[in-house]
């Protein structure tokens with residue numbers, strides 16, 4: 001029998017497997033487990049599977065497998081869900097460090113009309129070799145498939161496109177950018193609308209999910225830091241997604257993501 005917990009961060013939902021004390025899903029089966037149980041008709045349904053692990057360099061460790069079975073370096077909404085679960089279990093305190101494939105990230109939590117979790121997402125990387133993307137220099141406002149595309153790595157690679165209207169027709173073009181040979185490992189694709197100096201709205205096509213998700217934490221950070229870099233917004237931005245809001249703060253070359261995470265249900269397989 002396998003115990004799991006279903007959580008979501010602004011509608012970006014995950015199956016969490018607690019491997020803090022022992023391995024539950026064998027390494028060779030972790031990818032196929034995600035493919036099978038993320039299916040929304042024949043499985044539990046989720047955008048990905050989180051594995052909570054012991055870490056030698058932090059308080060806890062996180063791995064994430066997307067719905068297509070691929071392993072991602074990090075996930076902004078996912079790390080908040082993992083932290084929420086670890087807080088509830090008593091594995092960590094209000095301030096903790098989480099090891100991911102993108103590095104060790106610091107988090108703090110507070111109670112304010114729910115549990116809010118702030119993640120230090122580290123320094124956003126614009127250099128092409130850090131994305132990765134072909135060529136040299138920063139990837140800012142490059143013409144691709146009829147759009148001005150900027151790209152940044154906020155734990156995983158993200159392409160950011162500013163538009164006047166966030167209509168559904170945009171997603172016909174998203175796969176062209178996601179799979180463009182310019183990005184050797186592919187990229188997530190975000191469409192953003194600037195609503196004011198301190199507010200933007202975002203829709204994201206996620207790599208590994210291969211479709212739109214209700215929210216993307218690393219994508220929200222990417223849009224906020226690109227907007228700031230281009231002078232469209234200030235250093236503190238409210239990001240509206242279909243699933244809810246996040247607050248992104250840029251300080252000392254680092255980006256901080258603040259948002260909630262909710263338990264949906266627990267179950268067994």
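Every read-out reported here was derived from the displayed coordinates using simple, explicitly stated rules and does not represent laboratory data. Everything numeric in this text was worked out from a predicted model, so none of it was measured. As a convention, Cβ positions derive from the backbone with ideal geometry for all residues, glycine included, and neighbour counts pool all protein chains shown.
Key figures
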item: Difference of contour (0.36 nm per residue) and Cα-Cα distance, residue 36 to residue 94; result: 17.5 nm
item: Peptides ranked, highest mean first, by Cβ atoms within 10 Å: ranges 89-95, 232-238; result: 232-238, 89-95
item: Choice from 230, 16, 131 showing the highest fluctuation, given a GNM over the chain with Cα pairs closer than 10 Å; result: 230
item: Max mean-square fluctuation residue, GNM over the chain, Cα-Cα springs under 10 Å, options 208, 137, 259; result: 137
item: Whole-number percent relative contact order across region 1-114, with pairs defined as alpha carbons under 8 Å at least 6 apart; result: 22
item: Hull-based mean projected area of region 128-252, where the convex hull spans the alpha carbons, in square nanometres; result: 7.0
item: Global size of the chain as Cα Rg and Dmax, reported in angstrom; result: 17.5, 53
item: CD proxy at 222 nm, helix term only [per DSSP H run n ≥ 4: -39500 (n - 2.57); per residue of the chain; nearest 500]; result: -4500 deg cm²/dmol
item: Between helix 217-229 and the chain: long-axis angle, C-alpha atoms, 0 to 90°, nearest 10; result: 30
item: Choice from 108, 241, 136 showing the highest fluctuation, given a GNM over the chain with Cα pairs closer than 10 Å; result: 136
item: In degrees, nearest ten, helix 76-89 long axis to first principal axis of the chain (Cα); result: 30
item: Ratio of the Cα radius of gyration of region 54-135 to 2.2 N^0.38 Å, where N counts its residues; result: 1.20
item: Relative contact order (%) - the chain, alpha-carbon pairs under 8 angstrom, separation at least six; result: 21
item: Relative contact order (%) - criterion: Cα under 8 Å, at least six apart; region: region 67-200; result: 17
